[in-house]
Each structure stands twice: as C-alpha cells, then as structure tokens.
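One structure is given here, and the rest of the page talks about it.
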Amino acid sequence: MDVYKKIKTYVPGMGAVLFLAFFCIIGSSVILIAEYRILYTFIEKILASQNLEDLSMLVAILVLCALAYTVVTFLAAMATHLIAFRLEANLKKAGMDALLEAPFAFFDKYPSGKIRKILDDNTALTHSSVAHLLPDLAAALFIPLFGLILAARIDWRLCVFMIVTIVLGAMIGKSMMGESAFMAEYMKAQEEMGAHAVEYVRNMGVVKIFNANVKSLKNFYDSISNYADKVLRYSLSCRVPYVSFQTFFNSVFLLLIPLGFYFIAQGEDPKLYLSKAVFYVLFCGIIFVAFMKIMYVGMHSYLASSSMEKIEALIREMQSGKMPHGDIVRAENADIDFHHVSFAYEDKKIFDDLSLHLDGEKIYALVGSSGGGKSTLAKLLAGFYLPQKGEVRIGGHALTDYTEEALTNAVAMVFQNAKLFKTSIYENVQIGKPEAAHDEVMAALKMACCEDILGKFPDREKTVIGSKGVHLSGGEKQRIAIARAILKNAPIIILDEASAAADPENEYEIQKAFSHLMKGKTVIMIAHRLTSIRQADEILVVEEGKILERGSHRSLMEKKGRYADLQHLYAQANDWKVVA
C-alpha cells in the first residue's frame, strides 16, 4: 500500500477506481473461498454421507461461483490496469515536461539514448508492477486468511494443520526471499549492459574507419558477463530452497496418512476424515500459490518503488542547475565580460577566477589544446552552465538579470554537428524566429547559400528533412543551421567548430554564409583549423582554463609564443602524407 500512496500524486482522481479494484479483489477472494466451501460439501456428500441429492444444484452453484469469480477478477484487473496505464502515461508526461525545461548541462551528462531508456523502461516496469501488485497482494493475504476461517468452521484440527503448513512453508521459503537485494544488483547490471550495448553499436563506425581499440567491445562483453554471473549466482542460491519448498508442498499431505490412522483409532469416521483430507489436499494448492504471490508482491513492490525513484531522480536532475532569470528584456550592447568566473565539471576544475573582457561587434577566435576550456567558455556565455563563482555578463549585466527570452534572443550558436528536425527546410529555419514572414525566411536561406540545396528537390523549401529520398550532407545541414542563425539575428554568435565536418565544396559555401551571419555581430569562433581564423580581430589562446595570449594573428606570430607553436604544428600536420 506504500507504493499506492506514493503514486497518488501521479494518478489524481483515481481514488474511486482504486476503491473499486480493492473491493473487487476482496470480493473475488470471498467468492473463491465460497467455491471451496461448496466443493467440500460436494466431497462430503459423495464420500461421507453418500447422499447424492442436490448434487446437480451444488454443481450449478459451483459454475455460477466460477463465472462470478471470473467476472469480478476481470473487473479488478481492469481497474488496476487502468490505474497502471494512467500512471505510466503521467510519469512519461512528467518526464517529458521536465525534459523540455532541462538545462543544457543535463544533456551533457545524460545522452538521449540513456534518457529514453530510463523513462521508457522504468515507466513500463512501474505499469506492470502496479497492475499486478494489488491482485497478488490479495492472493497472498486474503485467500489464505479466509481459507483458515473456512477450515476452522469445518474442523478446528484442519485449521491447526493448515497453520502448521503455512508456518513451515514460510520458514522454508524465507531463504528464497532475497528479492530486494538481488533486484537492485540485477537492475543495475541490466542497465549497464544496455548502456554498453548502445555505446558499442554507436562506436562500430569509428572502430571500422580508424581501427580504434576495442574498449567499447570489452566493456560490452564485461557487462554481459557481469549480468550473467549475477543471474546465475542468484539462481544457484535459490536452487535448494526452491526445490525444498516445492517438495514440501507436494508431499505435506502424506502426513495425513499417519494422522488418519491415529484419529480413526480414536473413533473418527473414516469417510468424514477422507473428505477433510481431500479438501486439504485441494486447498493446499491455494496456499502454495499464495506463497508464490508473496514473492511476486515483494518483487512488484520493489520494482514499482525503484522505478518511480529513478524517474523522480531523473526529473530532479533535469530541474537542477537551471538559470534564474531577471526582468531585463534587452541588452544595451554586445560587450562580454567574464568576471572572476570559477567553474568545474563535478571534480574537474576548468576555470579558477577567470576575468575577461571582449568588446562588442568584433570577431574573436579561441584556440588551444583540447580540454583547455574553449567550449566551456562558449557554453557559459550561452547560459548553458552556471558558474560556481563569479558572473558572466552581456552588455554590463549578468546573464541572470535578463529574462529567458532576452537571453535566448541575445545569443545564437552553430555547432559542428548541426541538428535539424524532421520537418520542412522552411520550418527548420523559421525556428530561429517563429514570427518571421515567408520573405524573411527565404532571404535567410539565400544569404546562407542554400539555393542549390533547394534546387535538388521538387518541393524546394517545403521538402521534409528525413523523409524518403531526402539526403543532406553534413555541410548542407550546416548551411541550413546557419540560415536559422541569420534569421534569428542575435547580436552574439558562437561558432563551435562550425565548418570542421564540411567537404571542400561546402566549405566555400559555408564561409560565404558566415560572412553574412557575422556582419556587425560579436562573434566567438572555436576552431582547430588555424588557417580559418587569421582574419579574426583578436585571437585568444586558451590553455588549462587560462588565457595565455591574446592579440591579432600578426602580433601573436611576432611574439613567437604558444600561438606561434600551434601554427607551426598545424603546418607540419598539413604536410603529412600517408605512405603505402
């Protein structure tokens, strides 16, 4: 019932359905016990009294009870499944609502495949667990309880024998009840195996092309072995208890033979004793099922609770790290300041008391070794991350002083791997400015040199990306993303390796598109192609979270420092040749 209390917030207005389910489950238990009461009367008439009158009526009542049990059980299952389906839908909606508001930092930590797996797998587990938890609980509790009451009414000795059977069965079955501890390990191993499977499949192309090491394959293999070992160990640990448990319930009725000799010697009617013994053997199967249901209740309860905890933890993670917003609706200028900024990814410190000023309407290039902090600098500027100390400012005000809409309108980003939606080219561009007129969108496409892309398809800008027969190269996707940024017309542009994946033909078109995009803007370029940044107003060398050098290409080359070394290494790399 703790699980049902926990899900109450996710299924509002379902109290009546839950009451109906509970009422029907108790009703089905009562009907089942009534069937066994009639069955005992039937057995007693045949074996003991040998009174065959009214047998046809008893059979008719048994059939009616069986039909009533089926209908009531069906209604209970419908009610619990209705609650479970509503719960699954609402949990997914809660996850998706939180996902829409999640900060960018969340997606760095949780790739899309992992998010989908957590939401889909755990909501499905919650549904199946909740749907069967209450019926199994009833089978485990009410049926044995009502059965003992029935046994006491038939013969108090029969009730005592059933109690002894239940106690001994519980003692034997207790060694099989390590479900919760195992389930946590089992689910963790299963999740690791799934995650490594996705990583391995995604890395196949890299392994084939670059002959990279097989670390992902080893991780995948190790996760499968770990999962298999845990399941095998648990199965072997349950082997003796489970066989003993089944043997006990399949042979406990043999105790009735010596007891029969004793009670008959004491004057018990043999036929009446036989009737009670047959009834006990039949009802013993119900007790066995009840014990099995107890294990299922433990499993379902753990799975439902654990699954909801994982979804709620994911939602809390989505909601953490969100940037607070103020009431400034527009930046006065495009000047950028990093004021005593400190930032770390968990335990990995990137910046420590970094201060930096960039004048507006200039082009800046960030260069340096990988991991030095270039992309982090851009993400902090875009508001994707919050610094642990200090402030990032645009136009003299901290990012947190602006409204969310103002900050969104102030910065546009073009990444190395452009992301387009499965909708028309026109709508993909219009995302940059939803209220834009048709002429504005088409003008942005033209400035981004997308005319040749539109000319490939009969529907031109109405062509749906991702539909059959529509194939766009990386450079073509990049130009559509640039058209989106041009339409947005943000005063600050961040280009993160925006032309790195382009072929030579698309590179030329992309550079032309950049010239339209960057005109009159504050531009932050992150590039490893050092030949593409020589015309920048200022180049900043970022290493280990510090600005080692800054200046024009000419001044930095004359300085013969770190930037000159990078240019020299880049020139050497361009002269490399592959020798057969």
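The values are calculated or read from the model by the stated rules, or taken from the named source; none is laboratory data. All values derive from a computational prediction rather than experimental measurement. Neighbour counts are summed over all protein chains in view; Cβ atoms, including those assigned to glycine, are modelled from backbone coordinates with ideal geometry. Each accessible area value is taken on the protein alone, full model and side chains, heavy atoms only, with ligands, DNA and RNA left out. Shrake-Rupley method; radii C 1.70, N 1.55, O 1.52, S 1.80 Å.
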Cα gyration tensor of the range 293-362, axes a ≥ b ≥ c as square roots of the eigenvalues: rounded (a/c below 1.5), prolate (a/b > b/c) or oblate? prolate
About its Cα centre, how strong a charge dipole does the range 41-146 have in debye, to the nearest 20, once Lys and Arg get +1 and Asp and Glu get -1 at the Cβ? 440
Would you work out which of Gly360, Ser375, Pro387 lies farthest towards the positive end of the dipole of the range 329-387? Charges go on Cβ: Lys and Arg +1, Asp and Glu -1. Ser375
Roughly how many Å² is the accessible area per residue of the range 1-109, as a whole number, for a 1.4 Å probe? 57
For Glu543, list long-range residues whose amide hydrogen, built 1.01 Å from N in the peptide plane, is under 5 Å from its own amide hydrogen. Leu548
How would the range 109-155 be classified by its alpha-carbon gyration tensor: rounded, prolate or oblate, with rounded meaning a/c under 1.5 and the a/b versus b/c comparison settling the rest? prolate
By the scheme Lys and Arg +1, Asp and Glu -1, what is the net charge of all other residues having a beta-carbon under 14 Å from that of Lys559? 0
At 7 Å along the Cα-to-beta-carbon direction for both Asp537 and Ser49, put a label point, then send me their distance in nm to one decimal. 10.6
Which entries of Lys218/Lys293; Lys114/Lys293; Lys92/Lys379; Lys8/Lys419 show an alpha-carbon separation above 31 angstrom in the structure shown? Lys218/Lys293; Lys114/Lys293; Lys8/Lys419
Filtered hits (lysines, Cα-Cα < 23 Å from Lys45, offset >= 8 within chain) -> Lys271, Lys276
Burial order of peptide ranges 114-122, 538-546 (average beta-carbon count within 10 Å, highest first): 538-546, 114-122
Between Ser473 and Asp222, take the C-beta separation as r, use R0 = 35 Å, and let me know the FRET efficiency to the nearest 0.05. 0.40
Roughly how many debye, to the nearest 20, is the charge dipole of the range 62-116 about its Cα centre, given +1 on each Lys and Arg Cβ, -1 on each Asp and Glu Cβ, and no other charges? 100
Ranked packing of 242-249, 427-434, most packed first, by mean Cβ within 10 Å: 427-434, 242-249
